[in-house]
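Data first, discussion second: the structure below is written as structure tokens.
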Amino acid sequence: MFSKETYIQRRKALGQHVGSGVLLFLGNEACGMNYADNAYDFRQDSTFLYYFGLQTAHLLAIINIDEGETIVFGDELTIDDIVWMGNQPGLTEQCERIGVYKTQSYGDAASYLERVH
């Protein structure tokens with residue numbers, strides 16, 4: 001993972017290059033080998049990694065150039081996740097490390113996109 005400033009600069013440069021609109025970045029999902037809880041080693045989408053640096057499944061991000069905001073959509077860890085994987089930094093904490101200070105539930109992404117479209 002690079003510094004917070006690196007990710008901020010990358011997103012800023014992209015926004016300046018594109019000029020206006022809403023940019024959608026889809027992260028990868030975990031892929032089960034023979035059932036959902038027995039997944040292959042996870043590998044995040046390269047574009048998502050370049051602009052957001054988060055190596056976590058089930059995320060998407062939006063850069064709304066017109067409104068000047070960046071949002072990562074994902075879900076916080078459940079108690080089952082914590083029991084299975086141990087104590088991990090939450091989504092909000094991970095996003096602060098990359099300079100994104102707005103997060104929303106994964107399920108809220110569709111309504112956000114409908115609102116801004």
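The values are calculated or read from the model by the stated rules, or taken from the named source; none is laboratory data. Values in this document were obtained by computation on a predicted structure and should not be read as measured data. Quick reminder, even Gly has a Cβ in these numbers, built from the backbone with ideal geometry, and neighbours come from all protein chains shown.
Look through D66, D45, D41, D81 and report the one residue that is touching a Leu at 6+ places or on another chain (Cβ under 7 Å) and charged (D, E, K, R). Sole residue among the options that is touching a Leu at 6+ places or on another chain (Cβ under 7 Å) and charged (D, E, K, R): D45. Considering the conditions (1) loosely packed, with under 12 Cβ neighbours inside 10 Å; (2) under 17 Å from the mean Cα position of the chain (by Cα), I71 is excluded by exactly one of them, (1). Go through the residues of segment 50-59 one by one and say whether even a single one is at pLDDT 95 or above and among the aliphatic types (A, V, I, L, M). Yes - at least one qualifying residue is present in segment 50-59. Could you go through segment 13-26 and let me know if any residue there is in contact with a Phe, Trp or Tyr (Cβ under 7 Å, 6 or more places away or on another chain) and assigned to a loop (DSSP other than H, G, I, E, B). Looking through segment 13-26, none of the residues is in contact with a Phe, Trp or Tyr (Cβ under 7 Å, 6 or more places away or on another chain) and assigned to a loop (DSSP other than H, G, I, E, B).
Scanning segment 30-75 for residues that are charged (D, E, K, R) and in contact with a strand residue (DSSP E or B) (Cβ under 9 Å, 6 or more places away or on another chain) turns up D45, D66, E67, E69. Of all the residues in segment 78-105, those that are over 23 Å from S20 (Cα atoms) and surrounded by fewer than 16 Cβ atoms within 10 Å (Cβ to Cβ) number 18. Taking first residues from segment 59-84 that are aromatic (F, W, Y) and partners that are assigned to a strand (DSSP E or B), the Cβ contacts under 8 Å between residues at least 6 apart in sequence or on separate chains come to F73/L60; F73/A61; F73/I62; F73/T103; F73/Q104.
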